[in-house]
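J.: One structure, as structure tokens, below. Some questions next.
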Amino acid sequence: MAENKESIGNTLFVAFMVCLVCAVVVSSAAVILRPIQQANELRDRQINILRAADLYEPGMDVERAFEDIDMRFVDLDTGEYVENGFGRDYEHRRAAREPEKSRRLQEDPAGIRRQANIAEVYLAWDDDDNLTRIILPVHGYGLWSTMYGFLALEPNAHTVSGIGFYEHGETPGLGGEIDNPRWQANWEGKELFDEGGDVAIQVIKGNVDSGTPNREHKVDGLSGATLTANGVNNLVRFWVGEQGFGPYLSRMQQEYAEGAVN
Ligand SMILES: Cc1cc2nc3c(=O)[nH]c(=O)nc-3n(C[C@H](O)[C@H](O)[C@H](O)COP(=O)(O)O)c2cc1C
């Protein structure tokens, strides 16, 4: 007798086989493509670091340019470098999710809740082995999202040379103007600390002009997007302050003054 092809058993069997084949195809693709994805993520991060440091040119050999940039790992409490056990894919934003590598923040002006104990920094060098940039990965909450970026400093560890964000969910045309190179250009040359060494950098509401007091510390706000601008203000002040890279920057300032940066 001919088998009934439309029986419930057959239907379930065919459905199961289709699911199985699809699952195998999707998981194989995920496994095979993962290394390519990781390489692209790394390249993307490298481009963003070069951009923040104003060292990026379209079409450049990113891998080659990155040969002049060292990645170091900083104990945020002491400001000293630590060496062991960190790969070039380490990111303090991710380590902050792991309880044994991070702490919960009591004071949290950047709205990040947790902070890693160790953070990566990037040091750019010229052909004569002189330090040209210190690049800090920074993040904090804006209006709608956590904004992730890099703050680049001159080798004196207190003058800003650039800022850039590579991930955020702020509104295009409003908070999204943090990506506008014209706004980012406002940061260049700004001083992070006052003469007493306290954090003085500030994103103001409105524009900085020749009459603005202490304008070496002040950055233009974002018209119609003060809440995002406040978020950038808070995150930059947090990350260059005592709870962030402050101890590291103090050490680097001292080494720079002594001509002993390494
Ligand atoms: C749909 C929508 C999206 C908005 N997106 C942002 C944003 O991304 N960042 C921001 O600061 N303000 C945004 N705003 C405006 C804020 O609600 C708020 O009015 C603004 O930050 C105040 O800035 P101002 O004092 O410079 O006008 C948005 C408003 C609306 C209605």
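Just so you know, all these numbers are worked out from the coordinates, no wet-lab data involved. Because the structure is predicted, anything quoted here is derived from the model rather than measured. No Cβ is skipped: glycine too gets one built from the backbone with ideal geometry, and neighbour counts run over all protein chains shown.
J.: About its Cα centre, what dipole magnitude does the stretch 92-178 give when the only charges are +1 on Lys and Arg Cβ and -1 on Asp and Glu Cβ, stated in debye to the nearest 20?
T.: 660
J.: Place the peptides 103-113, 185-195, 56-66 in order of packing, highest mean first, counting for every residue the other Cβ atoms within 10 Å and averaging per peptide.
T.: Ranked from most to least packed, the peptides come out as 185-195, 103-113, 56-66.
J.: Could you derive backbone 3J(HN,Hα) for the stretch 180-197 from the dihedral phi with the Karplus parameters 6.51, -1.76 and 1.60 (θ = phi - 60°), listing whole Hz in sequence and x where the residue is Gly or Pro?
T.: For the stretch 180-197, the Karplus curve yields 6, x, 5, 6, 4, 4, 4, 7, 4, x, 6, 9, 6, 10, 7, 5, x, x Hz.
J.: Taking the alpha-carbon distance from Lys218 and a cut-off under 28 Å, which lysines remain once sequence neighbours fewer than 8 residues away in the same chain are dropped?
T.: Within the straight-line limit of under 28 Å, Lys218 reaches these lysines: Lys190, Lys205.
J.: So what is the 222 nm mean residue ellipticity for the chain from helices alone, if each DSSP H run of at least 4 adds -39500 (n - 2.57) and you divide by all residues, rounding to the nearest 500 deg cm²/dmol?
T.: -10500 deg cm²/dmol
J.: Less than 11 Å Cβ to Cβ from Asp198, Lys/Arg counted +1 and Asp/Glu -1: what total charge do the surrounding residues give?
T.: -2
J.: Mind pulling the angle between the C-alpha long axis of helix 8-52 and the longest principal axis of the chain? Nearest 10 degrees, somewhere in 0 to 90.
T.: It is inclined by approximately 20 degrees.
J.: Output the peptides 79-92, 153-166 sorted from most to least packed, where packing is the average of other Cβ atoms within 10 Å over each peptide's residues.
T.: In decreasing order of mean packing, 79-92, 153-166 become 153-166, 79-92.
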